Amino acid sequence: MATNYLKKILSARVYDVARETELQLAPELTKRLGNQILLKREDNQPVFSFKLRGAYNKMVNLPPEALKRGVIAASAGNHAQGVALAAAKMKCKAVIVMPLTTPSLKVDAVKARGGSWVEVILHGESYSDAFQYSELLEKKRGLTFVHPFDDPDVIAGQGTIALEIFAQHPAPIDAIFVAIGGGGLIAGIGEYVKAVSPKTKVIGVQSVDSDAMRRSLEANKRIEMKDVGLFSDGTAVKLVGKETFRICKRVVDDIITVDTDEICAAINDVFTDTRSILEPAGALAIAGMKKYVKKHRLKKKTLVAVACGANMNFSRLRFVAERADVGESREAVFAVTIPEERGSFKRFCELLGNRNVTEFNYRIADQSEAHIFIGIATQKATDSTEIAKHFRKAKFSTIDLTHDELAKSHLRHMVGGRSALAQDELLYRFEFPERPGALMRFLTSMAPNWNISLFHYRNHGADYGRILVGIQVPKNEQKQFQHFLASLGYPHWNETDNPAYRLFLK
């Protein structure tokens, strides 16, 4: 029998631990986008995330004998804090399995929320590893699993957010934007919205490299991703839930994807309007809403974005600030080749006019030409195209790098490194789970057969590391190298043919 979600949402018990969060006008976003923008401030919950709603509603509906035995959960952060807080409130023992890669900030927060009622076990490299181990412990200890998203009580608990939105804003709402990881949040919100206001659109937002729900809905079956991006770690889910997928097929009107720079820009937008700092997953809905407004040229609509979490590592803010301007089209990045002759450098500088330069790297290349890596402040997305045309018109060869990940993450920090010794060099970008000693583990996993000819690593304060590696691989050993990449198990991208690499480093 199908679950009556409207009834479950209306009767959900969440307010023993959760609070009714504000539906707050975002004045600057409203002015800029030409629509009334309202933020549902789930980042203001006691655990700085919506997750405690579903976790508590699941646990409070368990039979007494199950509560006496205890519960278990697998989580890398926000769900774990929700379960921990609920366990302490209900005086129920909880085991929480977290990946070894979880930052100590989040582990300590879970222990603080749950106190003596919570046992934290660190296991595995990823959420998937932690989840599998929690399934073993569930059977071994006779515990009840509290799923982070794929459970009717969890879904109903998250649905109370929509109940609050319509109580706080009785006037028509044109669309509600919701981040999607496993789908629990949007499933709960969508069920309530379509029951009480069918004309209100429910728009899901996913990171471009963690879009399992979008792919699944397009294929009309659940699609498991091999790898997911780690920047928006709160939504980095490889396989969506069975129940959440079933619901989303019916209640989700559209899904829009955003990249890292757009998420960083949204974090900046919310800070401007509220002086609060969201985590990447928490800002997804805002980033998607901005993109959707532009794509569909919306005007004078009432739009709600769920700001769903604020468990941000402080050290991550450097990266966010660095990338926010690109995401907001306030910075464009270029590689420009100029003749190595008297007066050409001055002539190029004169072309810049009164434009604000954000970055300037210059290195002589050879006797005939030099290459410049330059960042320029912009006002709108089309400015980078116009600036590139301006440079080319003056006979300066120009490559627009504004959307080039290699250039933004690595190249801007290492311009000028060329070597005639780097024969047979392949260039690859890698991401790996960040924790103490992780960089050395990455290095020791590199095959000894091939010489490392280039290496760049910069700590971005994130839960994952980014590395650029040049490896000298003879042409007759390419097959072995591809096998090595597959066995390494880290997300990787071949940048050997990247034009920026060939200009500055090849």
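Which residue out of Ala18, Ala12, Ala84 is in a helix (DSSP H, G or I) and modelled with pLDDT of 95 or more?
Ala84
Conditions (1) surrounded by fewer than 18 Cβ atoms within 10 Å (Cβ to Cβ); (2) in the same structural domain as Phe271 (by TED's automatic domain parsing), marked per residue:
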{"residue": "Val306", "(1), (2)": "no, yes"}
{"residue": "Gly309", "(1), (2)": "no, yes"}
{"residue": "Phe314", "(1), (2)": "yes, yes"}
{"residue": "Phe319", "(1), (2)": "no, yes"}
{"residue": "Ala335", "(1), (2)": "no, no"}
{"residue": "Glu341", "(1), (2)": "yes, no"}
{"residue": "Ser344", "(1), (2)": "yes, no"}
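For Ala76, which of the numbered conditions (1) part of a helix (DSSP H, G or I); (2) within 22 Å of the chain's Cα centre (by Cα) fails to hold?
If we test Ala76 against (1) part of a helix (DSSP H, G or I); (2) within 22 Å of the chain's Cα centre (by Cα), just (1) comes out false.
If I ask for residues that are more than 18 Å from Asp261 (Cα to Cα), in a strand (DSSP E or B) and not aliphatic (A, V, I, L, M), which ones from the range 345-384 would you list?
The answer is Phe360, Asn361, Tyr362, Arg363, Glu369, His371, Phe373.
For the range 172-199, give me each residue that is buried (at least 22 other Cβ atoms within 10 Å of the Cβ) and polar (S, T, N, Q).
Of everything in the range 172-199, nothing turns out to be buried (at least 22 other Cβ atoms within 10 Å of the Cβ) and polar (S, T, N, Q).
Using the structure shown, decide if Leu137 is assigned to a helix (DSSP H, G or I), surrounded by fewer than 24 Cβ atoms within 10 Å (Cβ to Cβ) and in contact (Cβ under 8 Å) with a residue 24 or more places away in the chain.
yes
Hey, Ala18 hits all of (1) more than 20 Å from Ala112 (Cα to Cα); (2) among the small types (Gly, Ala, Ser); (3) outside the structural domain of Glu119 (by TED's automatic domain parsing); (4) touching a Ser or Thr at 6+ places or on another chain (Cβ under 9 Å) but one; which does it fall short on?
Unmet for Ala18, out of (1) more than 20 Å from Ala112 (Cα to Cα); (2) among the small types (Gly, Ala, Ser); (3) outside the structural domain of Glu119 (by TED's automatic domain parsing); (4) touching a Ser or Thr at 6+ places or on another chain (Cβ under 9 Å): (1).
Yes/no per residue for (1) buried (at least 23 other Cβ atoms within 10 Å of the Cβ); (2) in contact (Cβ under 8 Å) with a residue 40 or more places away in the chain; (3) assigned by TED's automatic domain parsing to the domain that holds Val178; (4) not in a helix (DSSP H, G or I):
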| site | (1), (2), (3), (4) |
| --- | --- |
| Cys264 | yes, yes, yes, no |
| Asn268 | no, yes, yes, no |
| Asp273 | no, yes, yes, no |
| Ile277 | no, yes, yes, yes |
| Gly282 | yes, yes, yes, no |
| Ile286 | yes, yes, yes, no |
| Tyr292 | no, yes, yes, no |
| Lys295 | no, no, yes, no |
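Out of the range 192-224, which residues are in a helix (DSSP H, G or I) and not small (Gly, Ala, Ser)?
Hits for the range 192-224 are Tyr192, Val193, Lys194, Val196, Met213, Arg214, Arg215, Leu217, Glu218.
The values are calculated or read from the model by the stated rules, or taken from the named source; none is laboratory data. Remember, it's a predicted structure, so these values are computed and weren't measured experimentally. Because the Cβ atoms are built from the backbone with ideal geometry, glycine has one as well, and the counts that use them run over all protein chains shown.
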